[in-house]
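Take a look at the structure set out below.
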Amino acid sequence: CCHNKPCIKEGIPSTNRAMSDETERRRPNILVTGTPGVGKTATAAMLAERLGLQHINVGDIIKQHKCYDGHDDALDTHILDEDKLLDLMEAVLQKCAADNIGIVADYHSCELFPERWFDLILVLRANTNILFDRLTERGYNDKKRSENMEAEIMQVVLDEARESYDVDIVQELPSNTKEDMEANVERCRAWAEQWVEDNA
């Protein structure tokens, strides 16, 4: 990490509670974000399993509840109905908080979510050659792949996270290998244990 920001790789970031909701939470909420293909869903699923959190795949919610507001033919992707998605997620997060369950959500964007929802933002990064291969395997067309590659090179999601959340809770982590994923999950496990202790 750069800019003298706290980093999981260098030490556990602050576990002071983020802006709270009406329901006082006793378990942390984590958002895993990054360019498509960096390993968000796999990392989030492993985090949920290891930390005992509820995994929320935002993309699945969008598909299941048809949170669409049209289609972008050039990029071969749906246009998101943000209001519908946020209403659905708000209900899920409130129920989890009431049931004393923390969540780990994953999505390729982060600026649309209220800051109070999350206590840690993980921005996964991948080397461009690895990302190119992953997006090709997914069958992305040239334009869609190129736009995502450019977004990763220009660190669009990382900048978006730093602009949308307290920089102290935004962590940039490598996600090129299985070993990276294991290391990231282990660091988060230590952070989550400290969060629970600090917010008991």
(request) State the number of residues belonging to the stretch 117-146 that are part of a helix (DSSP H, G or I) and touching a residue at least 40 places away in the same chain (Cβ under 8 Å). (result) 7
(message) Exactly one condition in (1) open to solvent by 10 Å² or more (accessible area, probe 1.4 Å); (2) assigned to a helix (DSSP H, G or I); (3) in contact (Cβ under 8 Å) with a residue 12 or more places away in the chain is false for ALA91; which is it?
(response) (3)
(request) Mind listing just one residue for me: the one in the stretch 100-113 that is more than 13 Å from the chain's Cα centre (by Cα) and open to solvent by 10 Å² or more (accessible area, probe 1.4 Å) and, of those, nearest to LEU80 (Cα to Cα)? (result) ILE101
(message) From the list LEU158, LEU85, exactly one residue is over 23 Å from GLN54 (Cβ atoms) and open to solvent by less than 40 Å² (accessible area, probe 1.4 Å). Which is it?
(response) LEU158
(request) Residue by residue through the stretch 54-69, note down the ones that are part of a strand (DSSP E or B), under 18 Å from CYS96 (Cβ atoms) and open to solvent by 70 Å² or more (accessible area, probe 1.4 Å). (result) GLN54
(message) Against the condition touching a Phe, Trp or Tyr at 6+ places or on another chain (Cβ under 7 Å) and either of a type in the set (S, T, N, Q) or part of a helix (DSSP H, G or I) (or both), how does MET149 come out, does it pass?
(response) yes
(request) Might you check whether a residue that is surrounded by 15 or more Cβ atoms within 10 Å (Cβ to Cβ) and of a type in the set (Val, Ile, Thr) occurs anywhere in the stretch 133-142? (result) no
(request) Hey, could you check the stretch 27-67 for residues that are among the hydrophobic types (A, V, I, L, M, F, W, C) and without any contact (Cβ under 8 Å) to a residue 40 or more places away in the chain and say which is farthest from ALA192 (Cα to Cα)? (result) CYS67
(request) For residues that are basic (Lys, Arg) and either over 17 Å from LEU158 (Cβ atoms) or modelled with pLDDT under 95 (or both), scanning just the stretch 1-52, find the one that is surrounded by the most Cβ atoms within 10 Å (Cβ to Cβ). (result) ARG25
(request) Look at the stretch 64-99 and say how many of its residues are under 15 Å from the mean Cα position of the chain (by Cα) and acidic (Asp, Glu). (result) 0
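The values are calculated or read from the model by the stated rules, or taken from the named source; none is laboratory data. Bear in mind the structure is a predicted one, so any value in this text is a computation, not a measurement. When we count neighbours, we look across all protein chains shown, and the Cβ atoms used for this are built from the backbone with ideal geometry, even at glycine. All accessible areas refer to the heavy atoms of the entire protein, side chains included, with ligands and DNA or RNA removed. Shrake-Rupley method; radii C 1.70, N 1.55, O 1.52, S 1.80 Å.
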